[in-house]
Each structure stands twice: as structure tokens, then as C-alpha cells.
Amino acid sequence: MSNISILKRLLLKNIYGTLICLCCYCPYKAASQSIHPVVTVSQSDSNPDNARLAAVKKYYALALRYKDGDSVAQDFDKAYYYFEKASELGDAQSTYALGYLHYKGLGTTQDYELAARLFRQGAYTGRENSMYFYGLCWRNGYGEEQNEDSAKYWLTKAADLGYKQAVWELQAKTPENSNNDAKKLVRQIHNAALPQEAVLNQFIPVKAELPDSSVIQGDYEGYIIQYDWSGKYVVSSKKLHLSIEAGDASSSAANTGLSGQWLEEGADTAILHATLGKDSLVFADTKYRRKDHYSINRAVTYNFRDAALSLVRKDDSVFLAGSINMFSPERNEPSKPLFVALVRTSADNGNATNNNTTKTKDGSKDSTGKNNNSNQITAKLLQVYPNPFRTQVSVKFELSAPSNIDVQLWTIDGKMVYSKSSDGILNASQYTITLRPGNIAGGTYILRLVYQGGSVEAKVIKK
């Protein structure tokens, strides 16, 4: 059975398991004094409408505080409660906010149909934010039957009132829920996995009592798949490369501590910090910037929050798969559901410690890159920078004796994509050479410095 087939089966299993858990946000809790503090609204004003407006103002202000975490712990449940109180008193902006929370499943059940009804109320009374989201409902088939004409009608009305997001959505050629490549990928996974789904039971979880984390070190390739807020529709899929290496040996978690890099197609590189938990790789203190349908021209920062990937192995193969829960400090809310499935393409066997770890021609590794035979010419990689790089990367190295050198870039599957040689023999000294590999694909490469009698290597990442 191929690794791709196993990866597809693993992805399908988790789509209907782990992912569903991620998509189910906390249901709306009925209001009670034990959950929500009592808000006292003064009734001294003889004008009932003034008293109503005063109550709306207080409820709405409290709702915003809890929604944004302004001087209080962020709490979408309480935000929903106070928006509902203000909406019951006739506040149209609070009615829109209830639709927004139902649309995304924040503090209440995720429900597109209810969200669409609430947006429709605001749209027909001239609220541009409700018009925008009501247009999205029509365009994506979220709570309304998908209809591009109705979508354009409401988006245009919102745009005419100056709502920028509506202008941007009208400029988008396709809606969010129309990524045919992503849908095709999931269909392929589904079709490949159904006939032999029982094979999944042959996976053996990696046990937590392993003496160290070397079993999972290496390079992984796969996909990160994003769903809509309901978790029912695939809205994007991107290639993902994950590099995992041993963490700081001086750390208290030396046997389980890991570091590495997360390189997602079209996103910034994330520097990872993780620990090996029970059958899981758990990330911490990791953030990066990524784009989506609604931020196509500007990447949004996301923090990895409660991100854990299940770790399984079969024969000599190692797989990572599971849900990734992220939070955007810019948007001040969680991301849509994300799912990751990866298969290891090469292993470090626990010997690598960082991107500049070197390996001699005979296969032995040490921190200097020296061959075991001290009589031979040796070379030492001193620095590779910047790493990751965009257009060029500089290599600082030292030769112990005169030699000509050749600096090469290799893909992780063994294909050389770039080479630069010295102009003749270099004397024993330190040198810096700059590589400009041109239009090579983003990803992880092996930088190899070849000298007379040996070579040294380091991992580099092209953005």
C-alpha cells in the first residue's frame, strides 16, 4: 500500500472524527444569574423610549466588552447573552451581531439558516453590514440557496453604502465555497479510503514512553485543508511542509522537546516549538501569517492554540494528522476549522539538532562537519543566512587546507537543482559565497558544500 493511500485514509478518518470536534463550538447557554451578572437599568426617566435606549446602550456596551475581551476575559457566551437582550429591545446592530455569532458559531450554535434570517432583517432596514453578510449567504449557499444574482444585489447595495468588504467580495471572481481543487482532493481521499477503511486499524500509535523523540524527527509533506464555519464545506487546500528536529538539549524536556519549521504554500514560515505528548505532537508559542479568501491581499496573523496532531506509524512510515485550532489576535476570534494530514518523506533519525547540522561524505554527523580521518582536508559550515531565504542565500564556510569547492542545492528526494563552483582552488581560510538559485519552488532543500575528499550539508528553506 502506498504512503499516499495511507495518508488519504488517515485524512478521511480524522475528517469525520477529530475535525467534527473542532467544529462544534459551545452551545448557547440559557441566561441565568449564576452565569451572567445582573444589569440594573434605571427606570427614573419618565419617557419609556429613553429608558429603552439607556438599557440598549448598557447591554450593547457589555456585549462588546465580552466579545472583544476589553478589560474582561473574552467570553462569547456572555457577549451573545447581552446582544440578545439589546436585540429584544429593538436594537438593529445587536440583531446583526447575533447573526454574526450564529454565522461563525461563537458563543452559540453555528447555524447559517438562523444567521441568514437575522441578516435579512437588518438588510431590509438598510444596515450595510447585514447586507454584506446576507450577500455572502446567497453567494456561498450558507442558509440560502446559492444564487449569484441575489448575492450581487445585496453586496452591491452594501458597497454603494461604502462597506469595503463588500467591494472586495464583488471583485473576487469566485465565492469562498467554490474551491473545486480542494473539493476534488477531499473526494479523492473519500473514494480511496472507503473500500478498505478497516486498514486504518493497523496503525500503531507511537507510545509516550519512548526514550526520546527521534522516531518523529524528519521532513513531512502533505496538506492543510480549511473548512467553512460549519465544518461541512471545504473552502481551501494548500500544500504543507513540516520539518521536525530535536529541541534544545539543555531543556528540561530534552527527550520530548522538538523544534522545526512549518512552511505552508502562500504563507510565512513558522518557527515551531513542540513537545511529544501521548500519541500527539503538541505545539506551543508558534504563530505565523496566512491568507484566505477574505484577506487575499494581506496576510493575517494566527497563533497556534491547542494544536495537536495525532502521531501514527505503519511499518517504516510515520504520519501526522489532526485538527489545528488557531486564533487570530488581529480579528480577535478563532480561525475556521483547519485539518492537517502529513506523511514523512525523510528521517533525521534523531541526530539533527538544527538547520546547520552538517553531515560528512561517509555519513557520519558532527557539529563541525569534519571527517573522521584528521589527515584529510576538512570543511566547516559556519553560517547559512538568511534561512529561510527568498531570492538568495549566503554560505560562510572554512577550509582546513587548499581545495576547490562546489556548493549545491538538492531537493529532499535527491534531485540537484542548483550548483555554483569556486574559480579554481581556494586556500585554507574562511569564505562567503552567495547563491542565487533563481525560480526554484518553495520548500526544504539540502545545501551541500562539496570539497576535495568530502562534503558537508545543511538544511535550507526557500520561501
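Set side by side, the residues Ala55, Ala86, Ala51 differ, and just one is under 22 Å from Arg117 (Cα atoms) and surrounded by 15 or more Cβ atoms within 10 Å (Cβ to Cβ), which is Ala86. Candidates Tyr59, Tyr124, Tyr82, Tyr100: the one that is within 31 Å of the chain's Cα centre (by Cα), hydroxyl-bearing (Ser, Thr, Tyr) and outside the structural domain of Phe327 (by TED's automatic domain parsing) is Tyr100. A single member of Gly135, Gly162 is over 25 Å from Ser335 (Cβ atoms) and out of contact with any Gly (no Cβ under 6 Å at 6 or more places or on another chain), and it is Gly162.
Here's the yes/no breakdown for (1) of a type in the set (A, V, I, L, M); (2) modelled with pLDDT of 80 or more:
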residue	(1), (2)
Ala284	yes, no
Lys314	no, no
Lys336	no, yes
Phe339	no, yes
Asn351	no, no
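Strands (runs of 3 or more DSSP E) fully within the stretch 408-463 that include at least 3 residues being surrounded by 17 or more Cβ atoms within 10 Å (Cβ to Cβ) and at pLDDT 85 or above: 443-451, 454-462. Residues considered: Thr95, Thr109. Of these, the only one that is of a type outside the set (Asp, Glu) and either surrounded by fewer than 17 Cβ atoms within 10 Å (Cβ to Cβ) or assigned by TED's automatic domain parsing to the domain that holds Tyr227 (or both) is Thr109. If you go through the stretch 131-154 and pick out every residue that is buried (at least 24 other Cβ atoms within 10 Å of the Cβ) and more than 29 Å from the chain's Cα centre (by Cα), you end up with 2. The helices (runs of 4 or more DSSP H) found wholly in the stretch 77-177 and carrying at least 3 residues that are closer than 24 Å to Leu62 by Cβ occupy 92-104, 112-124, 128-140. The residue of the stretch 413-463 that is farthest from Tyr223 (Cα to Cα), among those that are among the hydroxyl-bearing types (Ser, Thr, Tyr) and in contact (Cβ under 8 Å) with a residue 60 or more places away in the chain, is Tyr451. Would the stretch 8-30 turn up any residue that is modelled with pLDDT of 55 or more and part of a helix (DSSP H, G or I)? No, that holds for no residue.
The values are calculated or read from the model by the stated rules, or taken from the named source; none is laboratory data. Just so we're clear, the structure is a prediction, and the values are computed from it rather than from any experiment. Ideal geometry is used to build each Cβ from the backbone, glycine not excepted, and the neighbour counts take in all protein chains shown.
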